[in-house]
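Worksheet: the structure to be examined is printed underneath.
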Amino acid sequence: MKLTYRSLPLELRDTFRITREASDHRDNVLVSLVDRTGAEGLGEAAPSRFYSQTAASVTQQLADVSLSDVGDPLFLDDILAPLRVQLQDHSSAMSAIDIALHDLVGKKLGLPLYRLLGLNPDKVPATSFTIGIASLDEIRRKTEAAAGFPILKVKLGADNDREIISTIREVSSAALRIDANAAWTVEETLANARWLQDEGVELLEQPLPKNDLDGYRRLMDSTPLPIIADESACTPEDVVRLRGCVHGVNIKLSKCGGLRPALQMIHVARAQDMQVMIGCFIESSLGIAAAAHLLPLCDYADLDGHLLICHDPFRGLEVENAKLILPDRPGIGVWAAEQVP
Ligand code: MG
């Protein structure tokens, strides 16, 4: 099997700001796998500096990957297990290969990924749409523009969190999910959870720092809102550690290393009676569509990364009434914009 890769630059429609960083541009990496019959699978890496990954480090890691000995691409575990050891610090590079291999296998078998996984495409929850940290005027404008989405994910951890929420509430009655991206203490989280509950907030994502599991345990005793771990939940082992600390986990392919570890995380979470959210980074609709095929297994969808960029280089993933329509073409089911399918 032949592995090639190239940079996949993405421009954001608006500056995307969370409590610790802001960006107008993302450098993702596009991966292609071609087997001996000429079948091709595509995958996307969305590296995040928070996890010490960049497009440069991803391509550096991919340069050392050899798949020339791979025979049957349907031996997914045999192919991916040694790569998971080699790329253990580069989950986004691992994810791109894992997605590309699933795309290739789906195309060879003539099945969309959700069929390959045995999932019902009608069981897809509506996705939230993200409102990043911005000026109050901008937040009002973005909230009005997101009127088609019944659920908004609001980034907090700014110094004017209350004003952000009242500005949104002036123009929207959407359900709100809050993501503080690790900016709060236990005491701040409990105080904020009380007034946020009155504002129609349905959950709090990652209020505390990544490794503050004791803090999360304390929160579980008294929080009025469900707590979902994102930065704290990168691997299946993390989900085991988070038992009794949070109500659920936000799973992202570039964070965990692809579809197979994501499935493991979902099963571990369910075995521990935890909720499941499928989330994303800023990605083209290739990476988003790959994650979307897992949506029938989850409670919450947070897959709007491709809606935040200007020129999505892929086609085939539609959104209707805030629900992603799982592509019914073989594999991931999207194609490059410049290619007629
Ligand atoms: Mg988050």
Inset, instruction - Could you list the GluC sites (Glu not before Pro) in segment 260-340 that lie in coil according to DSSP, counting only those with at most 15 other Cβ atoms within 10 Å of their Cβ? - result: GLU338
Inset, instruction - Within segment 88-185, report the trypsin sites (Lys or Arg not before Pro) that DSSP leaves as loop and that have at most 14 other Cβ atoms within 10 Å. - result: LYS123
Inset, instruction - Take every DSSP beta bridge with both residues inside the chain and express the antiparallel ones as a percent of the total, to the nearest 5. - result: 50
Inset, instruction - May I ask you to compute the full-extension gain from GLU187 to GLU11, defined as 0.36 nm times their residue separation minus their alpha-carbon distance, rounded to one decimal in nm? - result: 59.6 nm
Inset, instruction - With a 1.4 Å probe and every protein chain left in place, tell me how much accessible area LEU74 has, in Å² to the nearest 10. - result: 70
Inset, instruction - Would you mind calculating the relative contact order of segment 188-314 from Cα pairs under 8 angstrom and at least 6 residues apart, reporting the percent as a whole number? - result: 18
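Leaving ligands, DNA and RNA out of it, rank TYR51, TYR216, TYR114 by accessible area with a 1.4 Å probe, largest first.
TYR51, TYR114, TYR216
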Legend entry - Relative contact order %, the chain, counting alpha carbon pairs below 8 Å whose residues are six or more apart: 19
Legend entry - Phi to ³J(HN,Hα) by Karplus 6.51 cos²θ - 1.76 cosθ + 1.60 over segment 153-170, Hz, x for Gly, Pro: 9, 9, 7, 10, x, 8, 8, 10, 4, 5, 5, 4, 5, 5, 5, 5, 5, 5
Legend entry - Pair LEU109, ASP273: separation of 7 Å Cα→Cβ label points (nm): 3.4
Legend entry - Phi to ³J(HN,Hα) by Karplus 6.51 cos²θ - 1.76 cosθ + 1.60 over segment 229-241, Hz, x for Gly, Pro: 8, 10, 4, 7, 10, 9, 9, x, 5, 4, 5, 4, 4
Inset, instruction - Pull out the extension gain between GLU163 and ASP77, defined as 0.36 nm times the separation in residues minus the alpha carbon to alpha carbon distance; nm, one decimal. - result: 26.0 nm
Legend entry - Two-site FRET efficiency, SER222 against SER173, from Cβ-Cβ distance with R₀ of 25 Å, rounded to 0.05: 0.35
Legend entry - Share of carbon and sulfur in the accessible heavy-atom surface of segment 220-341 [1.4 Å probe, %]: 47
Legend entry - Label-point separation in nm, LYS2 to ASN120, each point 7 Å along Cα→Cβ: 4.3
Inset, instruction - Please compute the net charge surrounding LEU8, taking Lys and Arg as +1 and Asp and Glu as -1 over other residues with Cβ under 12 Å from its Cβ. - result: -3
Inset, instruction - Check each of the GluC sites (Glu not before Pro) in segment 177-242 and keep only those in coil by DSSP with at most 15 other C-beta atoms within 10 angstrom; list them in order. - result: GLU199
Inset, instruction - Quick one: net charge around LYS210, please, counting Lys, Arg +1 and Asp, Glu -1 for every other residue with C-beta under 11 Å from its C-beta. - result: -4
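The values are calculated or read from the model by the stated rules, or taken from the named source; none is laboratory data. Only a predicted model underlies this, so the values are computations on that prediction, with no experimental measurement involved. Every residue, glycine as well, gets a Cβ built from its backbone with ideal geometry; the counts of neighbours run over all protein chains shown. Note: areas computed on protein heavy atoms with side chains; ligands, DNA, RNA excluded. Shrake-Rupley method; radii C 1.70, N 1.55, O 1.52, S 1.80 Å.
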